Amino acid sequence: MNDVDTRSVAATQPIGAGAWRMLVAFVRAYPGRSALALAALLVAGLLDGLGLSTLLSMLSLATGDGESPSLPEELALEFAGALGITPTAGTMLLLAIALIGTKAILVLLANRQVGYTVAHVATDLRLALLRAVMASRWRYYLAQPVGRLSNAVATEAQRASEGFRHGAVMGAQLLNAMIYAVVALAISWQASLAALVAGGVLLAGLNVLVRMAGRAGRSQTGLLKSLLGVMTDQLGAVKPLKAMGREEHVDALLARQIRGLNIALRRQVFSKEALTALQEPLLAILVGVGFFVFVVSLDMPLAAVVVMLFLLARVVNFLAKAQRAWQHIVVAESAYWSLRETIHAAEAEREPARGHRAPTLDEGIELRDVTFGHGAQPLLVEQSMRIPAGALTVIVGPSGAGKTTLVDLVAGLLRPDRGEVLVDGVPLADIDHRQWRHMIGYVPQDPLLVNDTVLHNVTLGQSELGEDDVREALELANAWDFASALPDGVHTLLGERGGRLSGGQRQRLALARALVHRPRLLVLDEVTSSLDAAAEAAVIDTIVALKGRLTMLGVTHGNALRAAADHVYRMHEGVVSANGADNERADDDAR
């Protein structure tokens, strides 16, 4: 994704077109929930209209004006008769109260259903994004800025789900407006039609504020995506910047985008408040003009005028609320389409299923004449090496030499441009890559621990792994003594990023996490580079104790892991050298 991605769907179509498409997508995705909510709102609106008609009948019966009842009043009287109720002022009042109360209950149920659906929308969008990204090719995943993915999960999903809420609000207001308009037209269709046309013209004139809000929403989506992407990278490097007294560098990079975001938010706020502020006086003017026309020009009875103005004011008020909801929808639609684009892009890069053979690791792993490069720049050219089963093989070399790339090739995260990776003589391309990766335990340079228990950090929530599995893994990683000594044992919370543990303890806990599912291949990626001498020695002792239990592949800059290795390879400028070949230079590079 790049900075102009949000323009490819949302900004290339007129304001509002994408919003309608978003609402249609929501209804298609949640047809049952949407239909249930709309049905409840429709019945509630009908009950509200019937309750109002019942109140009109009550007024006519109470005043005894002798005029023939209007069509709404006749419907209310027939409804009362169908229920076996004698139409008097008192009984019609009680019936109206019952109808309006039932309407309120239905609205509550409908709004609850809408709220539940909003939560489902946000959850489903987040899960769809996470699943698509995690299932994508490794090269694609590495190219994705973490800040943008975080923005999509947190901000865009929430804004998009609110679009469903406002869509439901708009639908409810339009249904109510329709019902009240039918009642008003039944009393005097000429006067009602004239008033409705005038109200529609006023609201159409205010639509310019809706378009302004939509443009502000699109700017907000693009700026947030770019801003959070840059901010995540900058905050990750804040310690050296602050130590050098150059923290103002972050401000310089982000200030322009933050100011742009502020302008977009101000436009959104202005358009929202202006719409509300202008609707009320314009509708009041419309009511005043209507009163004058009905009484003076049409010579309508005062009682009928009051009823008509009440009905028409309600209709236009419902339409005004629907317009405000529509404004919120056009603000949210850019976030929805930006998120959908991110999901579709990840799905297009989905890692295909490869191979069908079950993996084994009894003999070893071989890279045979492997060539690999990022783009047009080759990193490895026809390189070969062997990783014997049951031994510790270590790769040394300077940064950027391709050590991690070689590990990614062994794990099947990357595929050679030419040549083969073989496991027990079988090409990795023929092996089920999911089964192969289940046989791998991976210990990174910086063990990422979450603010949860030791148990959860080792199992990562995998339900089939119990406390006995965790204890076995902790013992193999030489971590059981300190883990069991914690206040609550393996149920102790470790704090943010495992803050209750030392560096060596965190690394051994990461080792236990890699061992808990009983892998056949253990990958050690710079596991001692950030440790002091004592912690490094403890981790090396643990690794040495694992020799013979499983195959281990290590990547390191230091000498400690290299000294414990059974086989050493050196990488320099894309060339892999084994054991005795160029070992003197390997020592220099390692130091």
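Each residue, ASP124 and ASP369, gets one label point 7 Å from its Cα in the Cβ direction; the gap between the two is 5.2 nm.
At the listed q of 0.14, 0.16, 0.25 Å⁻¹, the Debye profile of segment 85-171, built from one uniform point per Cα, gives log10 I(q)/I(0) equal to -0.66, -0.76, -1.13. Please work out, to two decimal places, the log10 of the ratio I(q)/I(0) at q = 0.09, 0.14, 0.17 Å⁻¹ from a Debye calculation in which every Cα of segment 364-590 carries one identical scatterer. Normalising to I(0) and taking log10 leaves -0.38, -0.88, -1.20.
In this simple spin-label approximation, ALA82 and ARG139 carry label points 7 Å from Cα along the Cα→Cβ vector, and these lie 6.8 nm apart. With R₀ fixed at 25 Å, the C-beta to C-beta distance from MET178 to LEU109 puts the FRET efficiency at about 0.75. A simple spin-label model places pseudo-atoms 7 Å from Cα toward Cβ; at LEU193 and ASN559 they are separated by 9.8 nm.
Between TRP20 and ASP452, 0.36 nm times their residue separation minus their Cα-Cα distance comes to what? All intermediate terms of the calculation are to be shown ahead of the outcome.
Values: separation 432, 0.36 × 432 = 155.52 nm, distance 4.28 nm.
Once the chain is fully extended between TRP20 and ASP452, it gains 151.2 nm.
Return the tail of the calculated pair distribution for segment 393-498, meaning the percent of Cα-Cα pairs more than 16 Å apart.
Working: 3850 of 5565 pairs.
Of all Cα-Cα pairs in segment 393-498, 69 percent lie more than 16 Å apart.
Report the calculated FRET efficiency for ILE97 and VAL27 (r = Cβ-Cβ distance, R0 = 45 Å), to the nearest 0.05.
Working: r = 34 Å, r/R0 = 0.76.
Computed FRET efficiency for ILE97 and VAL27 comes out at 0.85.
For segment 334-395, GluC sites (Glu not before Pro) are listed when DSSP marks them as loop and at most 12 other Cβ atoms sit within 10 Å of their Cβ; the list is empty. When the Cα positions of VAL555, HIS491, ALA534 are compared along the charge dipole of segment 364-590, HIS491 comes out farthest toward the positive end, with charges on each C-beta of Lys, Arg, Asp and Glu. Length gained on full extension, LEU36 to ASP541: 175.4 nm, using 0.36 nm per residue less the C-alpha separation.
With Cα atoms defining each centre, segment 75-91 and segment 379-413 are spaced 87 Å apart in the structure. Computed on the Cα atoms alone, the convex hull of segment 382-428 gives a volume of 88 cubic angstrom per residue.
Bear in mind that the values in this text are calculations on the coordinates, not laboratory data. A quick note: this is a predicted structure, and the numbers were derived from the prediction, not measured. Glycine also receives a Cβ, built like all others from the backbone with ideal geometry; neighbour counts cover every protein chain displayed.
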